[in-house]
1. If I ask for residues that are closer than 15 Å to residue 111 by Cα and either part of a loop (DSSP other than H, G, I, E, B) or among the hydroxyl-bearing types (Ser, Thr, Tyr) (or both), which ones from region 46-84 would you list?
2. Contact list please: Cβ distance under 7 Å, first residue in region 91-116 and on the phi > 0 side of the Ramachandran plot, second residue at pLDDT 85 or above, pairs at least six apart or on different chains.
3. Under 7 Å between Cβ atoms, at least 6 apart or on separate chains: pull out the pairs that start in region 62-79 with a residue that is away from the ligand (no atom under 13 Å from the Cβ) and open to solvent by less than 100 Å² (accessible area, probe 1.4 Å) and end on any residue that is not in a strand (DSSP E or B) and not basic (Lys, Arg).
4. Within region 20-43, can you find the residues that are among the aliphatic types (A, V, I, L, M), closer than 21 Å to residue 101 by Cβ and within 9 Å of the ligand (Cβ to nearest atom)?
5. Suppose we keep only residues that are in a loop (DSSP other than H, G, I, E, B) and crowded, with 16+ Cβ neighbours inside 10 Å within region 2-45. Which one would you say is modelled with the highest pLDDT?
6. Of (1) modelled with pLDDT of 95 or more; (2) within 9 Å of the ligand (Cβ to nearest atom); (3) over 12 Å from the mean Cα position of the chain (by Cα), residue 55 satisfies all except one. Which?
Amino acid sequence: MLQLVYISSARNAPDVEAILAVSRRNNARDSITGLLYSDGVRFLQVLEGPEDKVEAAFARIQQNPWHRAIVARSRRHVETREFGLWQMAHRSPGGDGDAFVAKLEPMLARADKNVRATFESFAKIKRAA
Ligand SMILES: Cc1cc2nc3c(=O)[nH]c(=O)nc-3n(C[C@H](O)[C@H](O)[C@H](O)COP(=O)(O)O)c2cc1C
């Protein structure tokens, strides 16, 4: 299966609840799992599932006007899902970021080092902001 990680810049005040609702519905249908990490300014998303479904979802995601400057940071084949079975886990701005990261830690420990570095640089930029 394919694991795709991208980052993007959010448009002003994106409607994350609406994004999550459509994502969870489509991802359940397409056997896609992953997470959406947002700080109100940027998104980091992990998508895991059948290659064709993940690529189709990513094509739709890239066209979404709620964000721009979308950059795929990592595209790799994995034997099993590294980020759990979440339909689309989410951490929102102002939510309990530390708890979310704590939950992610065991997954990041298993993840590829580039994927880990992507998360780390995301968190660092957020702290500096
Ligand atoms: C940051 C972000 C993340 C998204 N994640 C997903 C996703 O995981 N799965 C998905 O199907 N759509 C996702 N979308 C929504 C798609 O861009 C698109 O609106 C949706 O797939 C269209 O679904 P529909 O044809 O059923 O209306 C995301 C959009 C944004 C802005």
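1. From region 46-84, those closer than 15 Å to residue 111 by Cα are 46-48, 73-84; that's our starting set.
74, 78, 79, 80, 81, 82, 83, 84 - these are the residues of region 46-84 that are closer than 15 Å to residue 111 by Cα and either part of a loop (DSSP other than H, G, I, E, B) or among the hydroxyl-bearing types (Ser, Thr, Tyr) (or both).
2. none
3. Note: pairs meeting the criteria are 74/112; 74/114; 74/115; 74/118; 76/112; 78/1.
4. Passing the criteria: 20, 36.
5. Only one residue tops the list, namely 32.
6. (2)
The values are calculated or read from the model by the stated rules, or taken from the named source; none is laboratory data. Since the model is a prediction, treat every value here as computed from it, not as a measurement. All Cβ positions, even for glycine, are placed from backbone atoms using ideal geometry, and neighbour counts span all protein chains on display. When the accessible area is computed, the model is the full protein with side chains, heavy atoms only, and any ligands, DNA or RNA have been set aside. Shrake-Rupley method; radii C 1.70, N 1.55, O 1.52, S 1.80 Å.
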